[in-house]
Amino acid sequence: MTMAKQDTATVRAVQGLEDSRSSVRLRAALAVGTSPDPRSVDKLIERCAVEPEFYVREMLTWALTRHSSSVTVPLLLAEVRSERAQARSQALHTLSKIGDRQAWPAITRALLSDADDEVARSAWRAAVVLVPEGEGAELAGVLATQLGRGERETQLSLSRALIALGEVILPTLRAATTALDPRVRRHAIATERLLRDPEVGFEFAIEEAKRVVALGGKDQEER
């Protein structure tokens, strides 16, 4: 393909990202990722902030991962400070997929405790991917401040993030089992159960944790 034809194809694909039909936007994102061009990165990131369809957002993220991290990461780091929640969430999600640890300093406590559940969940996932070696226990301490937060999906996301850090989370979890808030205690107990036996499933672990908390923690002490 000649340079002129490639430029035309890139322009057409970028324009397709704003089409009213989600199927066209999906194909456009695929085209941009298949033939990476740094000139399209701004538009990909801009679209991530407003794209309503999950599967199109996933394709936008994939397209961004196909470009050089030296181009994408600085722009994504700026985006995590956006006032728009979806922009922050999708930028964090994309950073977790790129996996460039230079992004680690941007994963702030404020993002890890963001009021928007989707932003916080994306921040948790990004954090466990990007955390430098030896800092897992400190990260676990920050993540533990979110125990008991939200509904099932949010709590499951946090448990998965903590478990991804490995056994360094145990002292933090065990401290949380004595929290005044029963939701925090239940979530901590369930997460520890899942760490020891991933096969039990989150629903079973939570129900078991509820029983333990109701019994005053006796079962947990016996373990």
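The values are calculated or read from the model by the stated rules, or taken from the named source; none is laboratory data. Because the structure is predicted, anything quoted here is derived from the model rather than measured. We place every Cβ from the backbone using ideal geometry, glycine too, and count neighbours over all the protein chains shown.
Hey, does the stretch 151-163 have a residue that's charged (D, E, K, R) and crowded, with 18+ Cβ neighbours inside 10 Å? No: the stretch 151-163 contains no residue that is charged (D, E, K, R) and crowded, with 18+ Cβ neighbours inside 10 Å. When the test is whether a residue is assigned to a loop (DSSP other than H, G, I, E, B) and more than 30 Å from Val213 (Cα to Cα), Gly134 passes it.
Within the stretch 59-81, if we keep just the residues that are of a type in the set (Gly, Ala, Ser) and surrounded by 15 or more Cβ atoms within 10 Å (Cβ to Cβ), the residue that is farthest from Ala123 (Cα to Cα) turns out to be Ala63. Within the stretch 159-191, restricting attention to residues that are assigned to a helix (DSSP H, G or I), in contact (Cβ under 8 Å) with a residue 40 or more places away in the chain and not aliphatic (A, V, I, L, M), the residue that is nearest to Lys210 (Cα to Cα) is His187.
So is Glu83 of a type in the set (D, E, K, R), over 15 Å from Val129 (Cβ atoms) and within 17 Å of the chain's Cα centre (by Cα) or not? No, not satisfied. The set of residues from the stretch 18-72 being closer than 17 Å to Thr8 by Cβ and among the polar types (S, T, N, Q) comprises Thr34, Ser35, Ser40.
Return the only residue of Ala175, Ala164, Ala179, Ala209 being at pLDDT 95 or above, farther than 18 Å from Arg121 by Cα and among the aliphatic types (A, V, I, L, M). Among Ala175, Ala164, Ala179, Ala209, only Ala175 is at pLDDT 95 or above, farther than 18 Å from Arg121 by Cα and among the aliphatic types (A, V, I, L, M). Of the residues Val41, Val11, Val24, Val56, the single one that is on the phi < 0 side of the Ramachandran plot, β-branched (Val, Ile, Thr), in contact with a Lys or Arg (Cβ under 8 Å, 6 or more places away or on another chain) and surrounded by 13 or more Cβ atoms within 10 Å (Cβ to Cβ) is Val56. For Glu151, the stated conditions do not hold, so it cannot be described as within 26 Å of Ala91 (Cβ to Cβ), more than 18 Å from the chain's Cα centre (by Cα) and free of Cβ contacts under 8 Å to residues at least 24 places away in the same chain.
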